[in-house]
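The values are calculated or read from the model by the stated rules, or taken from the named source; none is laboratory data. Here the structure is a predicted model, which means the values were calculated and not measured. Note: ideal-geometry Cβ built from the backbone for every residue, glycine included; neighbour counts use all protein chains shown.
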Amino acid sequence: MRLISIPSLSRVTNRSMSETSASILAIPAYRAAQFRVDAGANMGDNLGVFDDLVLDDVYELRNANAPRRLSVAAFRDGRLAVAQDTQMGAVDADLHLDCSLTLMPARGANVEALVAVEVDAEGMIAEIYLLPLAPLKADQGYTLVKAERAETRRKLAQIACVSFSRGTHITLASGAQRQIEDLMVGDRVLTRDDGPQAIRWIGQTTSRAVGALAPILIRKGALNNAEDLVVSPDHKLMVYQRTDAIGTGVPEVLVRARDLVNGSSVVVQDGGYIDYFQILFDRHHIIYAEGIAAETLFLDPFTEPALPADLLSQMRKPDDARQSLPFVETVKGQLPKGDAAAILKEASRR
């Protein structure tokens with residue numbers, strides 16, 4: 001296949017991921033061969049790169065299987081690569097985020113998607129991936145109504161940003177509760193790890209509450225929270241264990257909201273649209289949302305494109321502004337089998 005040339009992304013060769021720290025993001029994806037043009041100018045062809053796309057082509061998902069996990073590593077120099085914990089792609093192969101698409105199905109709401117390209121050591125296309133931001137259905141036509149490169153990295157950032165939903169009550173430095181949409185830059189918020197801190201930036205996005213962006217509802221009391229809490233799926237919550245229920249050897253652990261889903265007290269809130277808000281401080285902090293200790297936005301190569309350019313240049317000055325929190329992060333395999341939320345809640349009481 002031909003050489004791939006993607007503007008704005010520099011290529012880095014002969015660099016192992018073990019030699020350079022990277023941020024990792026797992027995204028549901030399909031191979032291009034699974035998404036083929038059923039009618040239009042490119043009829044019979046698999047999904048291609050931006051220069052090959054033709055608007056009004058109608059695509060069809062040829063395989064009813066669920067998407068597989070594409071694990072992506074992002075580096076400070078702009079490089080993207082296939083990460084270790086992946087179900088597809090060659091580990092450490094370069095990835096280029098080629099473009100974003102808007103697909104109009106025969107029935108239902110439009111689907112946003114990203115196109116990523118894996119290249120080999122010679123810069124040749126090895127594989128093309130479709131990363132849908134909402135579920136796709138097999139045997140249904142999807143008309144390509146928009147393709148662009150300009151906002152692609154920002155859309156990836158929206159997936160990576162940890163967010164609170166509209167209406168979430170945040171604890172201020174005074175102890176008062178204020179809904180997140182009423183907060184302002186400069187407001188002082190109570191942090192668990194560093195006392196009162198001033199907000200540097202507040203972001204807001206409205207997304208379809210489906211697929212990779214479907215929020216997690218933590219019902220009132222599930223983790224001793226005062227009210228229902230709705231957060232983005234990869235949002236990390238801090239749980240204090242009086243007894244070591246998950247065998248980490250430390251009392252304070254960070255747990256992803258999606259890993260606590262049990263179908264009752266913690267559920268995926270799928271459907272409709274959701275207003276997401278991101279809170280940024282001078283560094284990564286733990287704050288209180290509906291009484292639960294939860295992380296704020298962490299700046300890394302995935303999330304940085306979500307910020308205004310002038311603010312990002314300021315935030316990049318002190319290297320320690322992006323240091324991670326001094327708590328143990330868990331992965332799903334470390335959590336106890338069964339209802340992890342109930343077990344952690346009980347461990348916090350004993």
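Descriptive notes on the structure:
- Any chance LYS137 is surrounded by fewer than 21 Cβ atoms within 10 Å (Cβ to Cβ), more than 30 Å from LEU237 (Cα to Cα), under 23 Å from the mean Cα position of the chain (by Cα) and modelled with pLDDT of 95 or more: no
- Residues of the stretch 189-220 satisfying the condition of being without any contact (Cβ under 8 Å) to a residue 60 or more places away in the chain and touching a helix residue (DSSP H, G or I) at 6+ places or on another chain (Cβ under 8 Å): ILE216
- For ALA150, the conditions (1) assigned to a helix (DSSP H, G or I); (2) free of Cβ contacts under 8 Å to residues at least 12 places away in the same chain all hold with the exception of (1).
- Qualifying residue in the stretch 264-274 (condition: farther than 23 Å from GLY221 by Cβ and under 13 Å from the mean Cα position of the chain (by Cα)): no
- Residues of the stretch 153-178 satisfying the condition of being within 23 Å of the chain's Cα centre (by Cα) and not in a loop (DSSP other than H, G, I, E, B): ARG153, ARG154, LYS155, LEU156, ALA157, GLN158, ILE159, ALA160, PHE164, SER165, HIS169, ILE170
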